[in-house]
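S.K.: I have a structure here, written as structure tokens, and I will follow up with some questions on it.
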Amino acid sequence: MGERRGIISLTFSLDPFCTVFQSELYALHRAILLIKSKTEPKFSVFNDSKASLELLMYSKAKHLLAKSVRENISKIRAENREVQLFWLKAQTAGNERADELAKIAALRSDMPPDNDKVPLS
């Protein structure tokens, strides 16, 4: 994990059978869990997965990770803290760091996969 000027970066590994969608949703899940553990009053999360963000807006979605993200955001907001999710178009200047971290995580063979936490559906 790296932190600089209020920016937190995480890398983790998933098994190859995980889809890009599962990976993006899992990244949101991990980001929200990290925010939940912090005490700052305001957070912004930038994500280039429009599909993941749209799933989070659909309250009837039964995907376990989406439900977890929504529930944890509700808990954070119940503490009078703010979490904002932003869609960042892929292949933009602001997305370069995310791409760099994804490549680092993909190349690290010493990082055990977190796939036991990613539902297959």
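The values are calculated or read from the model by the stated rules, or taken from the named source; none is laboratory data. Predicted model only: the values in this text are computed from it and were never measured. Neighbour counts run over all protein chains shown; Cβ positions are idealised from the backbone, glycine included.
S.K.: Restricting to the range 64-96, and then to whatever is modelled with pLDDT under 70 and of a type outside the set (A, V, I, L, M, F, W, C), can you tell me which residue is nearest to residue 10 (Cα to Cα)? Outline the logic, then answer.
M.R.: Step one: list which residues in the range 64-96 are modelled with pLDDT under 70, which gives 91-95.
Within this subset, residues satisfying the condition of being of a type outside the set (A, V, I, L, M, F, W, C) are 91-92, 94-95.
Values: 91: 19, 92: 19, 94: 16, 95: 14 Å.
Restricting to residues being modelled with pLDDT under 70 and of a type outside the set (A, V, I, L, M, F, W, C), the top hit is 95.
S.K.: Can you tell me which residue among 41, 16 is loosely packed, with under 13 Cβ neighbours inside 10 Å and closer than 18 Å to residue 74 by Cβ?
M.R.: Testing whether each residue is loosely packed, with under 13 Cβ neighbours inside 10 Å and closer than 18 Å to residue 74 by Cβ leaves just 41.
S.K.: Further question on the same structure: What are the pairs, 6+ residues apart or on separate chains, where a residue within the range 64-91 that is surrounded by 11 or more Cβ atoms within 10 Å (Cβ to Cβ) has its Cβ under 9 Å from a residue that is aromatic (Phe, Trp, Tyr) and assigned to a helix (DSSP H, G or I)?
M.R.: Going by the 9 Å Cβ cut-off, the qualifying pairs are 65/26.
S.K.: Would you point out the residue of the range 97-111, among those that are assigned to a loop (DSSP other than H, G, I, E, B) and either surrounded by 14 or more Cβ atoms within 10 Å (Cβ to Cβ) or touching a strand residue (DSSP E or B) at 6+ places or on another chain (Cβ under 7 Å) (or both), that is modelled with the highest pLDDT?
M.R.: Ranking the candidates gives 108 first.
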